[in-house]
Amino acid sequence: MALPSFLKHVQVLERSGCIATRKVGRTRVCTLEPRVVVVAEDWLRRERADWEARTDRLEHFVLGELAELGQGQASDASADREDTP
Amino acid sequence: MTNPAPLHPVDPERDLTISRLIRAPRASVWRAWADPRRLEQWWLPAPATCRVEELELWPGGAFETRMSDDGREFGPHISGCILVAEPEERLVFTNALTGGWRPAQGFMTAVMTFEAVPEGTIYSARVLHGTRVDRDLHAEAGFAEGWGTVLGQLAEQLEGRTD
């Protein structure tokens with residue numbers, strides 16, 4: 001990316017409060033404002049919470065199926081025992 | 001089985017991995033994913049209901065789910081593409097593409113693996129995102145590589161908003 005374009009983007013980011021800049025000699029130092037970092041972290045945290053909950057539901061569903069299957073087999077077995085003299 | 005593509009190291013700022021030991025046979029964990037009628041039952045949190053419209057378990061296959069709050073009207077949810085479907089081993093989908101590998105507006109890829117162990121199944125879901133920036137800011141920007149491109153796209157988004 002060419003420097004003029006890059007600087008233009010930096011200006012926009014500074015105007016919107018996403019970054020703060022200061023001149024150090026001939027260098028312009030840009031620092032990310034905490035607000036943006038918090039917003040980004042919050043998004044990933046929410047994604048993680050969604051996927052954890054989704055995985056909870058998968059596990060619950062699978063174990064529920066297994067339990068039903070187990071109960072079905074148990075009642076079949078006891079029915080067989082009753083039938084045999 | 002096709003050679004799995006090596007995964008890049010996990011980036012904690014934009015990826016997440018969830019692993020569980022599920023005390024059930026791998027076949028039943030896979031089936032919970034692979035059978036649309038089963039997937040519908042756990043994909044979304046209650047009280048929302050899910051309808052799996054398409055679950056084409058082959059590379060390029062469509063993956064479409066819809067959701068409803070009232071059980072009557074269904075709106076869009078996942079509109080994606082299956083990239084890998086190795087029964088009882090690995091499932092990969094993305095919403096950056098829709099069925100037939102058509103580019104979409106999404107930003108994530110999910111890689112599910114199923115490993116049989118004596119106690120049951122180790123199930124892992126790795127969710128990869130293209131950028132570190134807030135999803136809302138990047139909704140139209142698509143994937144980005146490198147700070148320069150991310151910066152440019154972010155700035156363009158902000159310029160669009162302030163105009």
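The values are calculated or read from the model by the stated rules, or taken from the named source; none is laboratory data. Everything quoted here is computed from the prediction, not taken from an experiment. Here the Cβ positions follow ideal geometry from the backbone for every residue, glycine too, while neighbour counts run over all protein chains shown. Heavy atoms of the whole protein, side chains included, go into the accessibility calculation; ligands, DNA and RNA do not. Shrake-Rupley method; radii C 1.70, N 1.55, O 1.52, S 1.80 Å.
Values computed for the structure shown
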{"item": "Test: A:G25 is more than 28 Å from the chain's Cα centre (by Cα), modelled with pLDDT of 70 or more, on the phi > 0 side of the Ramachandran plot and of a type outside the set (D, E)", "result": "yes"}
{"item": "Residue in the stretch B:79-91 that is of a type in the set (K, R) and under 16 Å from B:A34 (Cα atoms) present", "result": "yes"}
{"item": "Hits in the stretch A:6-23 - residues which are open to solvent by less than 50 Å² (accessible area, probe 1.4 Å) and facing another protein chain (nearest Cβ under 8 Å)", "result": "A:H9, A:V10, A:V12, A:L13, A:S16, A:C18"}
{"item": "A:A49 modelled with pLDDT of 85 or more, open to solvent by less than 60 Å² (accessible area, probe 1.4 Å) and not in a helix (DSSP H, G or I)", "result": "no"}
